[in-house]
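Worksheet: the structure to be examined is printed underneath.
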Amino acid sequence: MSEKTKVFVAYVLQRISSGGDTGFSAKLRRADNQDTEYQSWEILSKWVDLENEKERKAYGLIAASLAKGTIENDGIGSIGVALRRSFFAKATGEDIVKSTECSRLQRLLSCRDSFELLGILRSLLRYLDAKGIDYSRVQLLDEILWFDSTNQRDRIRAGWAQGFFRKEGDAE
């Protein structure tokens, strides 16, 4: 994981948790909406080149997720692990392969570029955040930024699948 993404997530979490500047959180909550993202640019411009659309949208998505949540620390685990946790939190006895979480994972695995991935992640992160499911935003931000590299994309998707489909009793 890159130092820049670690520092960014830590910075956003620190500013949000201090509670003194509600405008900061409000601006970041708008960062994952195409029509209102410009309101977050004042903050994001310190971290990314705003003309680099992929980087701007990736940082904006993670910032919005942090601002909308109630977490105090970055989570642990990939999106695949988070979907697995979501499945087991329901405890329905359903087969994991037939679950909505598996369908969501399959949709992620079918993404061909970072822009398609960002579109799918927007609703997925809302889903996970609403359920209070933990995941690493630092790791996810790095994965989004590297997703357009063919070798990295295959490694990232394999990691998500491994995290979701691992055998019962395997360590997270």
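Here are a few things to note about the model shown:
- Failed item in (1) outside any loop (DSSP other than H, G, I, E, B); (2) among the acidic types (D, E); (3) not assigned by TED's automatic domain parsing to the domain that holds W146, with D49 passing the rest: (1)
- Flag if R112 is assigned to a loop (DSSP other than H, G, I, E, B), in contact with a helix residue (DSSP H, G or I) (Cβ under 9 Å, 6 or more places away or on another chain) and either of a type in the set (A, V, I, L, M, F, W, C) or in the same structural domain as G159 (by TED's automatic domain parsing) (or both): yes
- Of the residues making up the stretch 12-40, those that are outside any helix (DSSP H, G or I) and surrounded by 11 or more Cβ atoms within 10 Å (Cβ to Cβ) are D21, R30, A31, D32, N33, T36.
- Filter pass, E53 being under 19 Å from I133 (Cα atoms), surrounded by fewer than 21 Cβ atoms within 10 Å (Cβ to Cβ) and acidic (D, E): no
- The stretch 116-128 residues that are at positive phi, paired with ones that are surrounded by 23 or more Cβ atoms within 10 Å (Cβ to Cβ) (beta carbon under 7 Å, 6 or more apart): none
- Just one residue in the set K167, K68 is more than 26 Å from G23 (Cα to Cα) and modelled with pLDDT under 95; that residue is K167.
- Residue match in the stretch 84-98 (condition: under 14 Å from the mean Cα position of the chain (by Cα) and crowded, with 20+ Cβ neighbours inside 10 Å): no
- Sole exception among (1) of a type outside the set (D, E); (2) closer than 30 Å to F24 by Cα; (3) more than 15 Å from the chain's Cα centre (by Cα) for G119, by number: (3)
- Within the stretch 145-163, considering residues that are of a type in the set (A, V, I, L, M, F, W, C) and closer than 25 Å to V97 by Cα, the one surrounded by the fewest Cβ atoms within 10 Å (Cβ to Cβ): A158
- Qualifying residue in the stretch 55-76 (condition: over 23 Å from Y127 (Cα atoms) and either of a type in the set (A, V, I, L, M) or out of contact with any helix residue (DSSP H, G or I) (no Cβ under 6 Å at 6 or more places or on another chain) (or both)): no
- Qualifying residue in the stretch 144-155 (condition: outside any helix (DSSP H, G or I), within 14 Å of the chain's Cα centre (by Cα) and touching a residue at least 40 places away in the same chain (Cβ under 8 Å)): no
- Qualifying residue in the stretch 63-72 (condition: in a helix (DSSP H, G or I), over 14 Å from T5 (Cβ atoms) and of a type in the set (S, T, N, Q)): no
The values are calculated or read from the model by the stated rules, or taken from the named source; none is laboratory data. The structure displayed is predicted, hence computed values, not measured ones. Ideal geometry is used to build each Cβ from the backbone, glycine not excepted, and the neighbour counts take in all protein chains shown.
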